Amino acid sequence: MKKGISFLCALTMLFALTACGGQGSDTDTPSAGNSSSRPVDESQSSLGESQDAESPAEGGKVLVAYFSATGNTKGIAEQIAGLTGGDLYEIIPAEPYTDEDLDYSDSQSRTSLEMDDPDARPEISSEAISISEYAVLYLGYPIWHGQAPRILSTFAESYDFDGLTIIPFCTSGGSGIGSSAEVLAEQAGSGSWLDGERFSAGAARETLADWIDGLALEAAGQ
């Protein structure tokens, strides 16, 4: 697709202009203000041990990593990977989330308890990935109680993102991306974080292509 191609052409510039560091924000919420009583996303993936990132791979290789508990974020991640030619990586929880776990209306449900505890770090079961092979990372997740699920904190604290440009994106039923990406950037402590973007579960391919193309144009100073 034209927009995907233009992004790939500007990828090297995108990395070069943002490699010095930056921070973004990103959000979606499953608590008050949401009509649904469960999180808006589905997926699974987990990390083993922390990976040390070295210099970014040459050629601007793209990784699309995501956590999805209901499938919404997964669908967006797959489209982004298709548009950018990026590799997909699913952040899978060691303990899968059940429907009861995702019940936002229950203050004692697993997700409610995790989101109430800023120190909660759900274990990831996905095989660790070599972050150093990539130059750009699209990081996707649903918004739970106004923030990224705690398993994203596990991911952020498990890798060294030095030299990597991170582009957050989230899914939600209506709330914005908020401060979720800023929180993850702080937890990661490395990498160049761009502003994040919120999408609905049914976001059209053209919408995603426009967003990606906009990133490339911004990086090119147009």
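Since every read-out is calculated from the coordinates, none of them should be taken as a lab result. No experiment lies behind these values; they were computed from the predicted model shown. Here Cβ is always computed from backbone atoms with ideal geometry, including for glycine, and neighbour counts include all displayed protein chains.
Can you grab the distance from the C-alpha centre of the stretch 117-143 to the C-alpha centre of the stretch 161-218, Å, no decimals? About 14 Å separates the Cα centre of the stretch 117-143 from the one of the stretch 161-218. In this label model, Ser105 and Asp87 are separated by 4.3 nm, measuring between points 7 Å along each Cα→Cβ vector.
Restricted to Cα atoms, the stretch 165-214 shows a radius of gyration and a Dmax of 11.8, 33 angstrom.
If the label point is 7 Å along Cα→Cβ of Ser130, which residues in the stretch 154-180 have backbone nitrogen under 16 Å from it? Within reach of a label on Ser130: 160. If R₀ is 30 angstrom, what is the calculated FRET efficiency for the pair Glu95 and Lys61, using the beta carbon separation as r and rounding to 0.05? Computed FRET efficiency for Glu95 and Lys61 comes out at 0.45. Here the stretch 56-183 carries DSSP beta bridges of which approximately 10% are antiparallel, counting only pairs with both residues inside.
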